[in-house]
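What follows is one structure encoded as structure tokens, with my remarks underneath.
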Amino acid sequence: MPAFKSDFLRVMSERGFIHQISDETGLDQLFAKETVTAYVGYDATATSLHIGNLISATMLYWMQETGHRPIALMGGGTSMIGDPSFRDDQRSLLTPEAIATNIEGIKRIFGRILRFGDTGNDAIMVNNADWLMKLNYVEFLRDVGRHFSVNRMLTFDSVRLRLEREQSLSFLEFNYMILQGYDFVELSRRHDCRLQMGGSDQWGNIINGVDLGHRMGTPQLYALTTPLLTTSSGAKMGKSAKGAVWLNGDLFSPYDFWQYWRNTEDADVERFLKIFTRLPLSEITRLAALGGSEINEAKKVLATETTAIVHGREAAQQAEETARKTFEEGVTAETLPTVEVDGAALEAGIGILSLLVSGGLAGSNGEARRHIQGGAVRLNDQPVADDRRMVTPQDLSPENVAKLSVGKKKHVLVRPA
């Protein structure tokens, strides 16, 4: 990467955010001479963002921190179609009501990451339904559609891979690329937005917008993408034993979120500290230099700092304290994730395999059985050797809970409803 003059691109480069820029020199000069407005688009297909989205949300944070204006674009219009990029199937179509509910959930997350308002470089949140739902289709084809080359669009990996596998790609989804490109033009006109950022899988869609802006007479537009994040072992980020790692605490608890980062592989600690925390680079270098078992202290810092950004400092400290009590003192912490079970069912006895699955400690009965056979399962800190073991009220503590564990780091409390 070149030595950037602008604060924003220098931060992006030093922290490992940059994969590709459409015009490095031009964008650097723009950032160095004026306040720049940039955006990231988010599909409203769930009530929460996930940790893959946290990368781009952090880029918007650094935009604001270095004096520029971020836009979080909600895809209220495009979510009615769905982004086909790198999917093997068509997305289920969402109702306007479901999309509105999802946007409200996403707004709450951004409220912790960005400073919103209507002055200076305050962030703004806009919804592309505001213009897409008002388009006249024939006029849109005439004024916008004519600028797109189908030949070129067929070369994009997101489309080409689907066609090579002979998988359906409907005209509805194909139009997504045109609508996303038009979003960039509309944001340029409405908010003087000059830059779109996103993951490297969105490069083709973003460049469509840059090219469309050129053809439709906007000021020069720019594209910046980040690497798709994987662990050092090649695994895709964002999955846990309980499924997706959501940023909404109702879907993925702050404690589980903290534990996800605490379990980071040694080789990934420095990279993740740079991308996901706001710690000074000098402190990150110090933490990354810790050797042997001391690297676990760096992992705890990573877990606490990322959890504080997403869930607040108090929730992060509580998660850290819960982990300390659970692992260092061996006590049952009331703030552990909880699975509630029917009281009558508990009286009759609930199979240990079923509890491991419902508690998110195993993905299936087969996986749960393998955990038991491997000696990894404990009930109230006592080993479980029999996969036919039944959990009953006699297993509950005086606090009316039982602690179910897999290994040293995965725990849930079983509590009668």
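The criterion of at least 3 residues that are under 25 Å from Trp258 (Cα atoms) and either among the charged types (D, E, K, R) or modelled with pLDDT of 90 or more (or both) is met, among helices (runs of 4 or more DSSP H) falling completely within the stretch 334-417, by 352-358, 365-373.
Restricting attention to the stretch 268-286, the residues that are assigned to a helix (DSSP H, G or I) and either small (Gly, Ala, Ser) or crowded, with 21+ Cβ neighbours inside 10 Å (or both) total 6.
Based on what the data block shows, is Asp143 at pLDDT 95 or above and among the charged types (D, E, K, R)? Considered against the rule, which asks whether it is at pLDDT 95 or above and among the charged types (D, E, K, R), Asp143 comes out as no.
Being modelled with pLDDT of 95 or more, touching a Gly at 6+ places or on another chain (Cβ under 6 Å) and among the aliphatic types (A, V, I, L, M) is a property that Leu73 has.
Residues in the stretch 173-212 that are touching a Pro at 6+ places or on another chain (Cβ under 9 Å) and at pLDDT below 95 were compared, and the one that is surrounded by the fewest Cβ atoms within 10 Å (Cβ to Cβ) is Ser200. The listed residues are Ala32, Ala46, Ala3, and the only one of them that is of a type outside the set (Ser, Thr, Tyr), over 22 Å from the mean Cα position of the chain (by Cα) and part of a loop (DSSP other than H, G, I, E, B) turns out to be Ala3. Taken together, the residues in the stretch 153-168 that are in contact with a helix residue (DSSP H, G or I) (Cβ under 7 Å, 6 or more places away or on another chain) and either farther than 17 Å from Asn205 by Cα or surrounded by 16 or more Cβ atoms within 10 Å (Cβ to Cβ) (or both) amount to 4. Which one of the conditions (1) surrounded by fewer than 22 Cβ atoms within 10 Å (Cβ to Cβ); (2) modelled with pLDDT of 95 or more does Gln90 fail to meet, given that it meets all the rest? Every condition holds for Gln90 apart from (2).
Among the residues making up the stretch 263-310, those that are more than 24 Å from Phe8 (Cα to Cα) and of a type in the set (Asp, Glu) are Glu265, Asp266, Glu294, Glu297. Close Cβ contacts (under 7 Å, 6 or more residues apart or on different chains) running from residues in the stretch 348-361 that are on the phi > 0 side of the Ramachandran plot to residues that are of a type in the set (Val, Ile, Thr) comprise Gly349/Val391; Gly349/Thr392; Gly360/Val412.
Residues in the stretch 93-150 that are polar (S, T, N, Q), closer than 30 Å to Trp246 by Cβ and in a loop (DSSP other than H, G, I, E, B): how many? Residues meeting the conditions: 3.
Restricting to the stretch 272-309, name every residue that is of a type in the set (Val, Ile, Thr) and in contact (Cβ under 8 Å) with a residue 40 or more places away in the chain. The answer is Ile275, Thr304, Thr306, Thr307, Ile309. Can you go through Val126, Val159, Val150, Val144 and tell me which one is among the hydrophobic types (A, V, I, L, M, F, W, C) and free of Cβ contacts under 8 Å to residues at least 24 places away in the same chain? Being among the hydrophobic types (A, V, I, L, M, F, W, C) and free of Cβ contacts under 8 Å to residues at least 24 places away in the same chain holds for just one of Val126, Val159, Val150, Val144, which is Val150.
Taking the condition under 28 Å from Gly75 (Cα atoms) and in contact with a His (Cβ under 9 Å, 6 or more places away or on another chain), does Val36 pass? Yes.
Here Asn263 meets each of (1) at pLDDT 90 or above; (2) outside the structural domain of Tyr39 (by TED's automatic domain parsing) with one exception, condition (1). Just to verify a result, which residue in the stretch 215-259, among those that are part of a helix (DSSP H, G or I) and out of contact with any strand residue (DSSP E or B) (no Cβ under 8 Å at 6 or more places or on another chain), is surrounded by the most Cβ atoms within 10 Å (Cβ to Cβ)? Among those that are part of a helix (DSSP H, G or I) and out of contact with any strand residue (DSSP E or B) (no Cβ under 8 Å at 6 or more places or on another chain), it is Trp258. Against the conditions (1) closer than 30 Å to Trp62 by Cβ; (2) loosely packed, with under 11 Cβ neighbours inside 10 Å, where does Ala100 fall short? Just the number, please. The number of the failed condition is (2).
The values are calculated or read from the model by the stated rules, or taken from the named source; none is laboratory data. Small disclaimer: the values here were computed from a predicted structure and weren't measured. Because the Cβ atoms are built from the backbone with ideal geometry, glycine has one as well, and the counts that use them run over all protein chains shown.
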